[in-house]
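The values are calculated or read from the model by the stated rules, or taken from the named source; none is laboratory data. Everything numeric in this text was worked out from a predicted model, so none of it was measured. FYI the Cβ positions are ideal-geometry reconstructions off the backbone, even for glycines, and counts take in every protein chain you see.
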């Protein structure tokens, strides 16, 4: 809620004080010494002096049906937790479900062509029908088409906003935003009341890519914000797909340049499933109901609860040879209990029942 305190300063405060309540009540001079700006300090002081600040904030969130998840919570999206400087607080309206971890971003220009519209519709519809959550930014053009298509296909979709969730931008997407909350979630790391200032949108693109296994750029001009999302995806170690286009069309100059720079040319939506090894997502989503078959699988699920780990770390935790652990992981992946995030790093797709936790 304090302007000027983002993920970096948040982490600095936590590292310095060890507890955020102590940081909240720390002397302003101490906070200044560790890097808070005069404006941030003034804002913090005003909030401190407001009577019943936290109660009024809680009441406001409840009134607007806004919930939040903190980066230390088990419900925090695992893929987003892996990026550099993940947002410490994620606000959302709707639901973020475990199955939404299998997600792909679709982004592109606001000045969409008929070709771009057709391709965006085909990709989003295909992904949604295959049980993959479609992530985008609720903007005009490609973003809105991706959300609409996912909803029409009966799938799930996330819209990441560059403002507080009590302010929908652009305003004409109010009804679309409401529908998204019924089949996914509106998401933002900006506090309620934050206006949709232009400076907010480039940073929010790191969340679009961070929530996704891959980013698909459908159409983008040479200065398009979608290219920023693609850059974040590369930095986060995620795949980038670009739809080839007419070399003379302004809307395709950005995507064609991405391909020239190494992005995967997307010739068919099936390419996404093949490259990400997601061919059997729907079957795996159903297979999540399968229970662990033996104590070894249960141990691995407990180890992976709330985090993703490399096979070497799993092996060390279980005190078993990597070869034996690898065989168990392969079978669990086939059953849909876990997923290989790449590089032999695994995450659980199965929620351990509360009755078994801590045993």
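The single condition among (1) without any contact (Cβ under 8 Å) to a residue 40 or more places away in the chain; (2) more than 26 Å from residue 197 (Cα to Cα) that residue 147 does not meet is (2).
Mind counting the residues in region 343-359 that are modelled with pLDDT of 75 or more and either in contact with a helix residue (DSSP H, G or I) (Cβ under 6 Å, 6 or more places away or on another chain) or surrounded by 13 or more Cβ atoms within 10 Å (Cβ to Cβ) (or both)? Even if it seems obvious, please write down each step before you answer.
Taking region 343-359 as the starting set, the residues that turn out to be modelled with pLDDT of 75 or more are 343-349.
Checking the rest, the ones that are also either in contact with a helix residue (DSSP H, G or I) (Cβ under 6 Å, 6 or more places away or on another chain) or surrounded by 13 or more Cβ atoms within 10 Å (Cβ to Cβ) (or both) come to 344-349.
Within region 343-359, residues that are modelled with pLDDT of 75 or more and either in contact with a helix residue (DSSP H, G or I) (Cβ under 6 Å, 6 or more places away or on another chain) or surrounded by 13 or more Cβ atoms within 10 Å (Cβ to Cβ) (or both) number 6.
Can residue 187 be described as modelled with pLDDT under 95 and either surrounded by fewer than 22 Cβ atoms within 10 Å (Cβ to Cβ) or at negative phi (or both)? Judged against the criteria, residue 187 is not a match.
Inspect all residues belonging to region 55-62 and state whether any of them is assigned to a loop (DSSP other than H, G, I, E, B) and in contact (Cβ under 8 Å) with a residue 40 or more places away in the chain.
From region 55-62, those assigned to a loop (DSSP other than H, G, I, E, B) are none; that's our starting set.
Taking every residue of region 55-62 in turn, none turns out to be assigned to a loop (DSSP other than H, G, I, E, B) and in contact (Cβ under 8 Å) with a residue 40 or more places away in the chain.
Scanning region 159-182 for residues that are touching a residue at least 60 places away in the same chain (Cβ under 8 Å) and under 24 Å from residue 273 (Cα atoms) returns a single hit, 180.
Picking from 106, 123, which residue would you name as being within 20 Å of residue 182 (Cβ to Cβ) and assigned by TED's automatic domain parsing to the domain that holds residue 239?
Residue meeting the stated conditions: 106.
Could you identify the single residue in 129, 56, 48, 67 that is farther than 30 Å from residue 250 by Cβ, surrounded by fewer than 20 Cβ atoms within 10 Å (Cβ to Cβ) and modelled with pLDDT of 95 or more?
Working: 129 fails: modelled with pLDDT of 95 or more; 56 fails: modelled with pLDDT of 95 or more; 48 fails: modelled with pLDDT of 95 or more.
Only one candidate passes the filter, namely 67.
On inspection, residue 252 passes the criterion of being farther than 25 Å from residue 155 by Cβ and part of a helix (DSSP H, G or I). For residue 181, the conditions (1) modelled with pLDDT of 95 or more; (2) surrounded by fewer than 21 Cβ atoms within 10 Å (Cβ to Cβ); (3) out of contact with any strand residue (DSSP E or B) (no Cβ under 6 Å at 6 or more places or on another chain) are fulfilled apart from (3).
Are there any strands (runs of 3 or more DSSP E) wholly within region 78-145 with 2 or more residues that are more than 12 Å from the chain's Cα centre (by Cα), and if so which? Can you show your working first?
Numbers: elements: 89-94, 103-107, 133-136.
Those strands (runs of 3 or more DSSP E) span 89-94, 103-107.
Just one of (1) modelled with pLDDT under 90; (2) touching a strand residue (DSSP E or B) at 6+ places or on another chain (Cβ under 7 Å); (3) loosely packed, with under 15 Cβ neighbours inside 10 Å fails for residue 276. It is (3).
This table checks each residue for (1) in the same structural domain as residue 200 (by TED's automatic domain parsing); (2) touching a helix residue (DSSP H, G or I) at 6+ places or on another chain (Cβ under 9 Å); (3) surrounded by fewer than 19 Cβ atoms within 10 Å (Cβ to Cβ).
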| residue | (1), (2), (3) |
| --- | --- |
| 63 | no, no, yes |
| 73 | no, no, yes |
| 79 | no, yes, no |
| 84 | no, yes, yes |
| 96 | yes, no, no |
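Within region 11-54, the residues that satisfy the criterion of being under 23 Å from residue 86 (Cα atoms) and assigned to a loop (DSSP other than H, G, I, E, B) are 18, 19, 34, 35, 36, 37. Taken together, the criteria place residue 319 among residues that are at pLDDT 90 or above and on the phi > 0 side of the Ramachandran plot. Looking at (1) modelled with pLDDT under 90; (2) within 28 Å of residue 129 (Cα to Cα); (3) over 21 Å from the mean Cα position of the chain (by Cα); (4) exposed (fewer than 13 other Cβ atoms within 10 Å of the Cβ), which is the only condition residue 267 fails? Among (1) modelled with pLDDT under 90; (2) within 28 Å of residue 129 (Cα to Cα); (3) over 21 Å from the mean Cα position of the chain (by Cα); (4) exposed (fewer than 13 other Cβ atoms within 10 Å of the Cβ), the lone unmet condition for residue 267 is (1).
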